[in-house]
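Read through the structure below, which is laid out as structure tokens, and then see the notes.
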Amino acid sequence: MKKIVFITGTRADFSKIKSLMIEIEKSNEFELFIFVTGMHMSKNFGYTAKEIYKSGFKNIYEFINHDKYYQMPAALASTIDGFSKFVNEIEPDLIVVHGDRIEPLAGALVGVLNNILVAHIEGGELSGTIDDSIRHSISKLAQIHLVNDELAKKRLIQLGEDKNSIFIIGSPDLDILSDNSISIEEAKAYYDITFKNYAIATFHPVVTELEFIKEQSEKFVNALIKSKKNYIVIYPNNDLGFEFILKSYEKLQNLSYFKIFPSLRFEYFITLLKNADFIIGNSSCILKEAVFLGVDGINIGSRQQKRNGLNKVMQSSYESDEILKAIQKVKKKEKTIHKKIKEKSSAKFIKLLKSGIFFKISKQKMFKDLKI
Ligand code: UDP
């Protein structure tokens, strides 16, 4: 049996790779191993490793890559070290990483430096922040690319990647969106949410705007308070500057129209999102899941400035007044699911994996020049 290792560091990547891991776990040709680290292991961020256990996976390995004061460079170094030891023990045939954070970067480096194939999911995307640099770096390390669409494929070709190593499988998190069976009553009961109507708010730091994050998050919080609506507020990720955002949320702590959570289980989050009046902040799910589910989105600031689909959501600067105006513009409407999925990402992924094509790809990459 070929051994496949996935590395996951946050709810953000787990929600996207879960459906792929389920397919591997079901098959009798492959053995799945999951290396769980990063925010998943942090009590302060809700110890989301528990979600991975609840999903029923068997070979789960936990690794704490940070200390109390999360430092990204130190966490990267620690993940390289810990994952390297893990990989030397397991000797996988393939390492699968997703996205644009330090854990997949560590995973890809460890793979390449140990002569192990690395597949990267959702390369070739753009968001418009430091995440782009990390995502492209991972793509330059991985020998196999599993991308969303033609545009992402073209960008990877522009980065010098071989077109024969790029496979379009679509966005795996949409698999779970279309299958989700959690009812709104269940989701509200699970998180003790008593609001009839509510919106979801989630705001992450933009590392290159570090000196402004305190002010930005205070303005964000003030606009939410002034809007007099009910909100489910979700903690940011642990990128540099997250403490400023958490500090500004202290103001919301005792207000009955705010419910604050470090993180919600993906399926429950999706049900709550589907039934929300709108979602506000700078999370990627404003442009992905919310657009897919037909939920109004208000995207704030620069974090998603290069994402596809910006024309489908409202935009606001970081100014309280502008945020408030955008909130007041949201009209209640019938929600329609925009796209129909013909073939799930996970089905495409497992078909490719079983075909053996990944294992024929050379570990020695060659830069492909564009014809000039
Ligand atoms: N998400 C989740 N639970 C939450 C908040 C988000 O499962 O409480 C999912 C969300 O649907 C998205 C992913 O996590 O697919 C990442 O969202 P997040 O805002 O954390 O990060 P981003 O992608 O903007 O970096």
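The values are calculated or read from the model by the stated rules, or taken from the named source; none is laboratory data. Nothing here was measured: the structure is a model prediction, and the numbers come from that model. FYI the Cβ positions are ideal-geometry reconstructions off the backbone, even for glycines, and counts take in every protein chain you see. The accessibility values were calculated without ligands, DNA or RNA, using every heavy atom of the protein model including side chains. Shrake-Rupley method; radii C 1.70, N 1.55, O 1.52, S 1.80 Å.
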Quiz item: For Lys351 and Tyr69, what does the FRET efficiency come to when R0 = 45 Å and r is the distance between their Cβ atoms, rounded to the nearest 0.05?
Solution: 0.50
Practice problem: Any chance you could look up the accessible area of Lys2 with a 1.4 Å probe, heavy atoms only, rounded to 10 Å²? | Solution: 80 Å²
Exercise. Roll a 1.4 Å probe over the protein heavy atoms and report the accessible area of Thr129 in Å², nearest 10.
Key: 20 Å²
Quiz item: So how do Leu94, Leu109, Leu174 rank on accessible area, 1.4 Å probe, biggest first, that is with the largest at the start?
Solution: Leu109, Leu174, Leu94
Quiz item: So what is the accessible area of the chain per residue, in Å², with the probe set to 1.4 Å?
Solution: 45 Å²
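At a 1.4 Å probe radius, carbon and sulfur cover how many percent of the accessible area of segment 296-335?
Numbers: 1170 of 2440 Å².
Summing carbon and sulfur atoms, their accessible area is 48 percent of the total for segment 296-335.
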Practice problem: Find the Cα radius of gyration of the chain, compare it with 2.2 N^0.38 Å by division, and give the number to two decimals. | Solution: 0.97
Quiz item: What aspartates and glutamates could a cross-link reach from Lys154, if we take a straight Cα to Cα line under 20 Å and drop same-chain neighbours fewer than 8 places away?
Solution: Asp100, Glu122, Glu125, Asp131, Asp132, Asp162, Asp369
Self-check item: Calculated FRET value between Asn59 and Ala189, using beta carbons and R₀ = 25 Å, to 0.05
Solution: 0.20
Self-check item: 5 angstrom amide H check on Phe278, placed H, neighbours 5+ away
Solution: Ile200
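Suppose accessible area is computed on protein heavy atoms with a 1.4 Å probe; arrange Asp239, Asp369 from highest to lowest.
The ordering from most to least exposed comes out as Asp369, Asp239.
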Quiz prompt | Solvent-accessible surface ranking, highest first, for Phe244, Phe35, Phe367 at 1.4 angstrom | solution = Phe367, Phe244, Phe35
Quiz item: What base-10 log of the normalised intensity I(q)/I(0) is obtained for segment 201-327 from the Debye formula, alpha carbons as equal point scatterers, at q = 0.15, 0.21, 0.22 Å⁻¹?
Solution: -0.64, -1.37, -1.51
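Beyond a 18 Å Cα-Cα separation, which of these cross-linked pairs lie in this structure: Lys3/Lys85; Lys26/Lys50; Lys228/Lys274; Lys26/Lys363?
Correct reply: Lys26/Lys50; Lys228/Lys274; Lys26/Lys363.
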Self-check item: Other-chain or far-sequence residues with amide H under 5 Å of Gln143's (modelled H)
Solution: Val118
Exercise. Enumerate the calculated ³J(HN,Hα) couplings along segment 298-308 in order (Karplus 6.51 cos²θ - 1.76 cosθ + 1.60, θ = phi - 60°), each rounded to whole Hz, writing x wherever the residue is Gly or Pro.
Key: 10, 9, 10, x, 9, 4, 10, 4, 10, 6, 5
Quiz item: How big is segment 49-90 on each of its three principal axes, counting only the C-alpha atoms and giving the largest first in Å?
Solution: 32, 26, 10
Exercise. Please list, in chain and number order, the residues 5+ apart from Val233 or on another chain whose amide H is under 5 Å from its amide H, with Hs placed from the backbone.
Key: Ala201, Lys259, Ile260, Phe261
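Go through Lys163/Lys354; Lys153/Lys288; Lys54/Lys247; Lys259/Lys331; Lys18/Lys331; Lys43/Lys259 and tell me which ones have a Cα-Cα distance over 26 Å in this structure. Don't skip to the answer; put the middle values down first.
Working: Lys163/Lys354 20 Å; Lys153/Lys288 18 Å; Lys54/Lys247 31 Å; Lys259/Lys331 22 Å; Lys18/Lys331 34 Å; Lys43/Lys259 18 Å.
Too far apart for the 26 Å limit: Lys54/Lys247; Lys18/Lys331.
Could you state, as a whole-number percent, how many of the C-alpha pairs of segment 3-46 are farther apart than 13 Å? Mind dumping the intermediate values first?
Values: 517 of 946 pairs.
When every Cα pair of segment 3-46 is considered, 55 percent fall beyond 13 Å.
Consider all pairwise Cα distances in segment 216-267 and report the whole-number % of them above 16 Å. Don't jump to the answer; show the numbers that get you there.
Numbers: 514 of 1326 pairs.
Considering segment 216-267, 39 percent of its Cα-Cα pairs are separated by more than 16 Å.
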Exercise. Might you work out the accessible area of Ile245 for me, using a 1.4 Å probe with all protein chains in place, and round it to the nearest 10 Å²?
Key: 0 Å²
Quiz item: Convex hull volume of the Cα atoms in segment 12-161, per residue, in Å³?
Solution: 116 Å³
